[in-house]
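The values are calculated or read from the model by the stated rules, or taken from the named source; none is laboratory data. Bear in mind the structure is a predicted one, so any value in this text is a computation, not a measurement. So basically every Cβ, Gly included, is an ideal-geometry build from the backbone, and we count neighbours across all protein chains shown. To get the accessible areas, we keep the full protein, side chains included, count just its heavy atoms, and leave off ligands, DNA and RNA. Shrake-Rupley method; radii C 1.70, N 1.55, O 1.52, S 1.80 Å.
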Amino acid sequence: MSIELTPATQTVPTGTPTSIREFLAFKLGREEYGVDILRVQEIRSFELPTRMANAPAFVLGVVNLRGVIVPIIDMRIKFGMDEVNYDSFTVVIVLNIGKQVIGMVVDAVSDVITLTPEQLRPVPEFSGVIDNNHVLAIGSVADRMLILLDIEKVMSSAELGLISEAAH
């Protein structure tokens with residue numbers, strides 16, 4: 001099984017081009033996930049958003065980010081995880097997905113990880129809260145395993161439509 005990622009081609013000091021990708025690593029419960037760093041606009045501390053009527057349960061509400069109304073999605077609720085706690089480590093990752101800006105609430109941000117193709121493993125077949133089609137690959141770094149999300153698929157177009165309606 002091959003893993004198709006759109007690689008950012010960079011040149012290493014030897015002048016040999018390599019395909020590497022950078023991911024922002026974050027935690028949800030005991031799992032560690034990654035999202036393409038090119039989708040990340042900024043990382044903000046968590047603040048309680050303004051609640052929106054008729055929004056899906058995972059949409060906590062909206063915040064005004066320098067004049068842009070940004071829907072805030074709690075990924076623990078979206079993934080059906082128990083125990084949603086907000087503490088000093090809770091952050092909002094502001095993402096650009098298509099023409100939409102969305103805030104994603106996560107338990108904590110770890111770091112930015114650079115992965116080479118050799119560090120990417122195929123997604124095993126399993127049934128769970130996250131659809132296998134929403135996972136790009138499993139990233140392996142030393143003793144860490146990251147679930148690398150295809151954030152555009154996680155935030156499917158139907159859900160983005162619901163979020164846009166709720167925000168406006």
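From the list A55, A8, which one is modelled with pLDDT under 95, among the small types (G, A, S) and out of contact with any Ser or Thr (no Cβ under 9 Å at 6 or more places or on another chain)? Working first, answer last.
Details: A8 fails: out of contact with any Ser or Thr (no Cβ under 9 Å at 6 or more places or on another chain).
From the options A55, A8, the qualifying one is A55.
Kindly indicate the residue of the stretch 80-113 that is of a type in the set (S, T, N, Q) and under 14 Å from L65 (Cβ atoms) and also least open to solvent (accessible area, probe 1.4 Å) among those meeting that condition. Show your work before the answer.
As a first pass, look at the stretch 80-113 and keep what is of a type in the set (S, T, N, Q): 85, 88, 90, 96, 100, 110.
If we keep only those that are under 14 Å from L65 (Cβ atoms) too, we end up with 96, 100.
Working: N96: 58, Q100: 36 Å².
Checked the stretch 80-113; the qualifying residue least open to solvent (accessible area, probe 1.4 Å) is Q100.
Residue under question is I77, and the condition is that it be free of Cβ contacts under 8 Å to residues at least 40 places away in the same chain, surrounded by 20 or more Cβ atoms within 10 Å (Cβ to Cβ) and more than 12 Å from the chain's Cα centre (by Cα); does it hold?
On the way: free of Cβ contacts under 8 Å to residues at least 40 places away in the same chain: yes; surrounded by 20 or more Cβ atoms within 10 Å (Cβ to Cβ): no; more than 12 Å from the chain's Cα centre (by Cα): yes.
It is false that I77 is free of Cβ contacts under 8 Å to residues at least 40 places away in the same chain, surrounded by 20 or more Cβ atoms within 10 Å (Cβ to Cβ) and more than 12 Å from the chain's Cα centre (by Cα).
List the pairs whose first member sits in the stretch 108-130 and is under 21 Å from K153 (Cα atoms) and basic (K, R), whose second member is at pLDDT 90 or above and surrounded by 10 or more Cβ atoms within 10 Å (Cβ to Cβ), and whose Cβ atoms are under 8 Å apart, counting only residues at least 6 apart or on separate chains?
Pairs that qualify, where the first residue is under 21 Å from K153 (Cα atoms) and basic (K, R) and the partner is at pLDDT 90 or above and surrounded by 10 or more Cβ atoms within 10 Å (Cβ to Cβ), are R121/A137; R121/I138; R121/G139; R121/S140.
Conditions: (1) over 15 Å from V40 (Cα atoms); (2) assigned to a strand (DSSP E or B); (3) without any contact (Cβ under 8 Å) to a residue 60 or more places away in the chain. N96 meets all but one. Number of the miss?
N96 satisfies every listed condition except (1).
Considering each residue of the stretch 53-69, count those that are surrounded by 14 or more Cβ atoms within 10 Å (Cβ to Cβ) and closer than 15 Å to E42 by Cβ, and give that number.
The qualifying residues number 2.
Taking the stretch 63-93 as the region of interest, how many residues are of a type in the set (A, V, I, L, M, F, W, C), modelled with pLDDT of 90 or more and in a loop (DSSP other than H, G, I, E, B)?
Matching residues across the stretch 63-93 total 1.
Quick check on the stretch 114-126: of everything there that is of a type in the set (D, E, K, R) and outside any loop (DSSP other than H, G, I, E, B), which residue is most open to solvent (accessible area, probe 1.4 Å)? Step through it out loud before you land on a result.
So in the stretch 114-126, the residues of a type in the set (D, E, K, R) come out as 118, 121, 125.
After this cut, where a residue has to be outside any loop (DSSP other than H, G, I, E, B) as well, the list is 118, 121.
Values: E118: 130, R121: 108 Å².
Here the residue is E118.
Find the residue count for the stretch 11-41, including only residues that are at pLDDT 70 or above, farther than 16 Å from V141 by Cβ and open to solvent by 40 Å² or more (accessible area, probe 1.4 Å). It would help to see each step written out before you state the result.
Narrowing the stretch 11-41 to residues at pLDDT 70 or above: 20-41.
From the residues that got through so far, the ones that are farther than 16 Å from V141 by Cβ too are 28-30, 38-41.
Restricting the remaining residues to those that are open to solvent by 40 Å² or more (accessible area, probe 1.4 Å) gives 30, 38-39, 41.
So the answer is 4.
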